[in-house]
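Undergrad: The structure is given below, and queries will be raised subsequently.
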C-alpha cells in the first residue's frame, strides 16, 4: 500500500520540516522576473592627448655604462592589453599584431644596438584610482617584439641583450585612453643581474 498526500498535507509536512515556516505554492514562490536593462556603454573619454615626455635622468642614474637614449611615444590605440582583461584569444591576437606593427614602424629610424634597457611609462586615463603599470605587460611584450624582431633594434630580446621591459608610472593623459611611452637606453657594458 502506498501513502498518498493531499496538497494540504504535503504543505503541512514541508512546513514542519522547515521549522514552522510556511511554504508558498510553486506559482506564488517565484517572483516575476525583472527585465534586465542593457548596460550603458561608458562615456567615450574624448580625443587623444599627448602626455609629457618622461624624465629619463632618474633611470640613467640607476644604470652603469649607458649610452644614447630614445623616447618613443607609442601610437594612440583605443585597444591595449592588460593582465585583468578577459578577451577571446583571436581578439588578443589581433591586438598584439597591431601593437607589434606599431613598434616595428617606429623602430625603422633607430640604430642597431648590442645591448639595451627598455622602460615603459604608462600614462593612464585621468581617473582617481590606484594604478599598477606592471598590469600592462601584455601590451609591452608585442611592442618589444616589434622593436627587436621586426625592427632589428637588438639581435634578440633575451636576457643577454635586453634588460627589461621595466614598468614605470608616467604622468596621466588629460583626455582619451591610456598611452604608453618606451624609453630605450643603450648599454655599453655587459648586462648584469
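Undergrad: Keeping to segment 160-178, report how many residues are modelled with pLDDT under 90 and closer than 22 Å to residue 104 by Cβ.
TA: Matching residues across segment 160-178 total 3.
Undergrad: Still on this structure, I have one more. Inside segment 120-133, can you point out the residues that are farther than 19 Å from residue 185 by Cα, surrounded by 15 or more Cβ atoms within 10 Å (Cβ to Cβ) and touching a residue at least 40 places away in the same chain (Cβ under 8 Å)?
TA: Listed by number, the residues that qualify are 123, 124, 125.
Undergrad: Take residue 100 and decide whether it is under 20 Å from residue 150 (Cα atoms) and out of contact with any strand residue (DSSP E or B) (no Cβ under 6 Å at 6 or more places or on another chain).
TA: Considered against the rule, which asks whether it is under 20 Å from residue 150 (Cα atoms) and out of contact with any strand residue (DSSP E or B) (no Cβ under 6 Å at 6 or more places or on another chain), residue 100 comes out as yes.
Undergrad: While we're here: Quickly run through segment 161-174 and pick out the residues that are more than 17 Å from the chain's Cα centre (by Cα) and surrounded by fewer than 20 Cβ atoms within 10 Å (Cβ to Cβ).
TA: 161, 163, 164, 171, 174
Undergrad: Tell me which residues, restricted to segment 27-45, are at pLDDT 70 or above and either touching a strand residue (DSSP E or B) at 6+ places or on another chain (Cβ under 7 Å) or loosely packed, with under 10 Cβ neighbours inside 10 Å (or both).
TA: 34, 35, 36, 37, 38, 39, 40, 41, 42, 43, listed by residue number.
Undergrad: Can you go through 109, 189 and tell me which one is surrounded by fewer than 16 Cβ atoms within 10 Å (Cβ to Cβ), out of contact with any helix residue (DSSP H, G or I) (no Cβ under 9 Å at 6 or more places or on another chain) and within 13 Å of residue 72 (Cβ to Cβ)?
TA: The match here is 109.
Undergrad: Failed condition for residue 178, given (1) surrounded by fewer than 21 Cβ atoms within 10 Å (Cβ to Cβ); (2) closer than 26 Å to residue 84 by Cα, with all others met?
TA: Single failed check for residue 178: (1).
Undergrad: Taking residue 125, is it within 29 Å of residue 55 (Cβ to Cβ) and assigned to a loop (DSSP other than H, G, I, E, B)?
TA: Details: within 29 Å of residue 55 (Cβ to Cβ): yes; assigned to a loop (DSSP other than H, G, I, E, B): yes.
The answer is yes for residue 125.
Undergrad: For residue 158, work out the one condition from (1) surrounded by fewer than 18 Cβ atoms within 10 Å (Cβ to Cβ); (2) within 28 Å of residue 174 (Cβ to Cβ); (3) free of Cβ contacts under 8 Å to residues at least 40 places away in the same chain it doesn't fulfil.
TA: Against the list (1) surrounded by fewer than 18 Cβ atoms within 10 Å (Cβ to Cβ); (2) within 28 Å of residue 174 (Cβ to Cβ); (3) free of Cβ contacts under 8 Å to residues at least 40 places away in the same chain, residue 158 comes up short only on (2).
Undergrad: Looking at segment 80-100, which of the residues that are modelled with pLDDT under 90 and within 18 Å of residue 181 (Cβ to Cβ) is surrounded by the fewest Cβ atoms within 10 Å (Cβ to Cβ)?
TA: Applying the first criterion (modelled with pLDDT under 90) to segment 80-100 yields 80-87.
In the following step, the residues that additionally are within 18 Å of residue 181 (Cβ to Cβ) were identified as 80-82.
Details: 80: 22, 81: 21, 82: 15.
Here the residue is 82.
Undergrad: Can I ask one more? Failed condition for residue 117, given (1) part of a loop (DSSP other than H, G, I, E, B); (2) in contact (Cβ under 8 Å) with a residue 60 or more places away in the chain, with all others met?
TA: Among (1) part of a loop (DSSP other than H, G, I, E, B); (2) in contact (Cβ under 8 Å) with a residue 60 or more places away in the chain, residue 117 violates only (1).
The values are calculated or read from the model by the stated rules, or taken from the named source; none is laboratory data. What you see is a predicted model; the values in this text were computed from it and never measured. Positions of Cβ are generated from backbone atoms using ideal geometry, with glycine treated the same way; all protein chains shown enter the neighbour counts.
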